[in-house]
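As structure tokens, the structure follows; a few thoughts come after it.
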Amino acid sequence: MIKQLLLNISTAAVGSGPKESLLGGIFAIVVTTITAALGGWDVALQALLFAMAFDYVTGLLAAIKDKRVDSDAMLWGGVRKIVVLGVIALTVKFDVLFGYQEPVLRTIAFYFYLGREGLSIVENLGKLNILVPQAIKDRLNQLKGDGDKDASQVGK
């Protein structure tokens, strides 16, 4: 029984064969490298990735509801999100270049992009007729730093 348990654990950890182990190892290296380039797996990165995924899903649902699904728009929406992650990686390098002990530029970029993703989510929820409290709209508008856009109009 213990032998079977150890076999199950090792199979889950390294895969059932050399091909699966190789793919798992490559995946681990790629994900670790990307995470390091983005400044580490912290709450800010998790929040941004969650917001990006939620924005993508709510945008797709809104397009389905409005019968305006456009694969080209979906592709470029995904490309835009990848470019945003590239900007985050660049800010990590700039923080190092400028000798900051803390992730100053990375944090600014996170707030900016979280605000933009949040506003987009609020717009998508509005298209889906899901109400969002005004206080959330106001805070997202502050994160984005866009004084030109009236948060009360977002999602209407």
Check: Considering only residues of segment 105-134 that are open to solvent by 60 Å² or more (accessible area, probe 1.4 Å) and hydrophobic (A, V, I, L, M, F, W, C), which is nearest to Leu60 (Cα to Cα)?
Finding: Ile130
Notebook entry, point to check: Which number in (1) open to solvent by 80 Å² or more (accessible area, probe 1.4 Å); (2) under 25 Å from Val43 (Cα atoms); (3) among the β-branched types (Val, Ile, Thr); (4) at pLDDT 90 or above marks the one condition that Ile64 misses?
Noted result: (2)
Margin query: Give all pairs with beta carbons closer than 8 Å in which a residue from segment 107-126 that is in contact (Cβ under 8 Å) with a residue 24 or more places away in the chain and of a type in the set (S, T, N, Q) meets a residue that is surrounded by fewer than 22 Cβ atoms within 10 Å (Cβ to Cβ) and part of a helix (DSSP H, G or I); count only pairs at least 6 apart in sequence or on separate chains.
Written below: Thr107/Ala44; Ser120/Asp55; Ser120/Gly59; Asn124/Asp55; Asn124/Thr58; Asn124/Gly59; Asn124/Leu61; Asn124/Ala62
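The values are calculated or read from the model by the stated rules, or taken from the named source; none is laboratory data. Here the structure is a predicted model, which means the values were calculated and not measured. So basically every Cβ, Gly included, is an ideal-geometry build from the backbone, and we count neighbours across all protein chains shown. Each accessible area value is taken on the protein alone, full model and side chains, heavy atoms only, with ligands, DNA and RNA left out. Shrake-Rupley method; radii C 1.70, N 1.55, O 1.52, S 1.80 Å.
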